[in-house]
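Asks: This is the structure I have questions about; it appears just below.
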């Protein structure tokens, strides 16, 4: 049975993003940008921050064909699709790069193409799921950091430009953080009980040896 993972969304902050650009040619219009960057600490996601390791998307890119390019994650505004050959998406040394052959329609031109060219739309985003072993929590800094590991992306749903790259969907990650904290507490409680029993057993052994 295929495992089910919760869908999450992340937005690449404008100040951390390679600019989205439009490339016009005789064959059409392309939207080119990055949906994610590797080894960059995210802005605060509330209770934690996040870092994406190189190769995080590799499993999804190898196993999937049906990845969409959407505007604002809205499936009413399909910009491209990998199986159709209108979306090319790769991992390079920087991050998750996309190249979209945009539809030649007045709606897409007015809502997406022209605002990008005018510098009004600058952010990118991606929708994804993480496998149960696809991340780990790092407690070494002042804030908890969720580290997204190599091959940890179980599914990549969509990538594309967004108008407001400021509201990450972190519910699933928060739940995993809560579970991690709960597990850490359970481990600490087990260690405490083990120490108590060790002390009791040591006293019993001491009494028996007299």
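What follows is calculated from the coordinates using simple rules that are stated; it is not laboratory data. Just so we're clear, the structure is a prediction, and the values are computed from it rather than from any experiment. Cβ sites come from the backbone with ideal geometry, for glycine too, and all protein chains shown count toward neighbours.
Asks: Quick check on the stretch 9-72: take the gyration tensor over C-alpha atoms, sort the square-rooted eigenvalues as a ≥ b ≥ c, and tell me if it's rounded (a/c under 1.5), prolate or oblate.
Replies: On the way: a/c = 2.33, a/b = 1.44, b/c = 1.62.
Verdict is oblate for the stretch 9-72.
Asks: Can you compute the modelled spin-label distance between residue 41 and residue 92, with each label point 7 Å from Cα toward Cβ, in nm?
Replies: 2.7
Asks: What ratio of Cα Rg to 2.2 N^0.38 Å holds for the stretch 8-169?
Replies: Normalised by 2.2 N^0.38 Å, the Cα Rg of the stretch 8-169 equals 1.02.
Asks: Now for a separate question. For residue 195 and residue 53 in one chain, what is 0.36 nm times their gap in residues minus the Cα-Cα distance, to one decimal in nm?
Replies: Working: separation 142, 0.36 × 142 = 51.12 nm, distance 3.76 nm.
My answer for the length gained is 47.4 nm.
Asks: Once both labels are modelled 7 Å past Cα along the beta-carbon direction, what's the residue 137-residue 19 spacing in nm?
Replies: The two pseudo-label positions are separated by 4.1 nm.
Asks: Highest first, please rank the peptides 31-38, 125-132 by the mean number of other Cβ atoms sitting within 10 Å of their residues.
Replies: Details: 31-38: 22.6, 125-132: 20.6.
Highest mean packing first, the order is 31-38, 125-132.
Asks: Turning to a different aspect of this structure: For the stretch 72-164, how big is the tail of P(r) above 24 Å, as a whole percent of Cα pairs? Walk me through the numbers before you get to the answer.
Replies: On the way: 1463 of 4278 pairs.
Across the stretch 72-164, Cα pairs with separations above 24 Å total 34 percent.
Asks: Here's a follow-up. Considering all projection directions equally, how large on average is the shadow of the alpha-carbon convex hull of the stretch 69-113, in square nanometres?
Replies: Mean orientational projected area (the stretch 69-113, Cα hull): 3.5 nm².
Asks: Arranged from highest to lowest average of other beta-carbon atoms within 10 Å per residue, in what order do the peptides 157-164, 108-115, 135-142 appear? Don't skip to the end; give the middle numbers.
Replies: Working: 157-164: 22.2, 108-115: 17.0, 135-142: 12.1.
Order by mean packing, descending: 157-164, 108-115, 135-142.
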